[in-house]
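Asker: Structure provided below as structure tokens; questions to follow.
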Amino acid sequence: MDLTAKRPLPALPKGNRTKAERLQHQASLPVTFHNGGRRFAAVHEHLDANVGTIALADLQEGHWQRITRRRIELQQNFSLYHMNFGLIAKSRVIDAVRRGTELGHSVIYVEKAHIERLLNSLPRR
């Protein structure tokens with residue numbers, strides 16, 4: 001799957017997703033970059049020893065901004081509730097991440113933790 005394509009992933013029906021479907025959907029989203037930092041890499045590429053990717057610990061703030069924005073852009077149904085800001089639309093979240101606002105930094109922090117949980121939840125090969 002080409003992660004650089006500009007179209008969102010198909011939405012899964014809300015409430016009807018199994019854990020496996022949710023994991024599969026999240027695993028198709030980018031989690032890091034290929035060596036060189038230009039192309040996004042999904043979970044299966046990051047876990048493949050034959051594919052050169054940047055380790056999560058080596059990603060810079062700009063990398064995390066791009067990954068977070070791309071993950072949000074690729075999700076057809078996305079909204080965020082923040083206890084200080086209320087319900088926030090997808091476009092506003094993307095803009096906040098791009099501009100590096102307080103909200104944007106919060107979203108990046110949560111996305112980092114989510115990616116780490118996702119990688120830790122997958123069965124080891």
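Asker: I'd like to know which of 67, 49, 36 lies farthest towards the positive end of the charge dipole of segment 19-121, counting +1 on Cβ of Lys and Arg and -1 on Cβ of Asp and Glu.
Answerer: 67
Asker: Okay, next question. Calculate, in whole percent, how much of the Cα-Cα pair population of segment 21-78 lies beyond 18 Å. All intermediate terms of the calculation are to be shown ahead of the outcome.
Answerer: Details: 504 of 1653 pairs.
Across segment 21-78, Cα pairs with separations above 18 Å total 30 percent.
Asker: List every residue whose amide H lies under 5 Å from the amide H of residue 31, counting only residues 5 or more places away in sequence or on a different chain, with H placed 1.01 Å from N in the peptide plane.
Answerer: Answer set, sorted by chain and number: 41, 42, 43.
Asker: Follow-up question, since we're still on this one. Between residue 105 and residue 50, how high is the FRET efficiency from 1/(1 + (r/R0)^6) when r is the Cβ-Cβ distance and R₀ = 30 Å? Nearest 0.05.
Answerer: 0.30
Asker: Could I have the simple spin-label model distance between residue 81 and residue 23, label points 7 Å from Cα toward Cβ, reported in nm to one decimal?
Answerer: 2.7
Asker: Where the convex hull is taken over the Cα atoms of segment 19-121, what is its projected area averaged over directions, in nm²?
Answerer: The Cα convex hull of segment 19-121, projected and averaged over all directions, gives 6.8 nm².
Asker: So, one more: Give a quick list of trypsin sites (Lys or Arg not before Pro) in segment 19-110 that DSSP marks as loop, anything other than H, G, I, E or B, with at most 10 other Cβ atoms within 10 Å.
Answerer: On the way: sites: 19, 22, 38, 39, 66, 69, 70, 71, 90, 92, 98, 99; in loops: 38, 39.
Here the sparse-neighbourhood loop sites are 38.
Asker: Give, in whole angstrom and from largest to smallest, the semi-axes √(5λ) of the equivalent ellipsoid of segment 66-121, with λ running over the eigenvalues of the Cα gyration tensor.
Answerer: Equivalent-ellipsoid dimensions as semi-axes: 18, 12, 12 Å.
Asker: With label points built 7 Å along Cα→Cβ from the Cα atoms of residue 92 and residue 121, find their separation and express it in nm.
Answerer: Output for this residue pair reads 2.7 nm.
We did not get these values from a lab; they are worked out from the coordinates using the rules stated. Not measured: the values here are computed from a predicted model. Note that each Cβ is placed from the backbone with ideal geometry, even for glycine, and that neighbours are counted across all protein chains shown.
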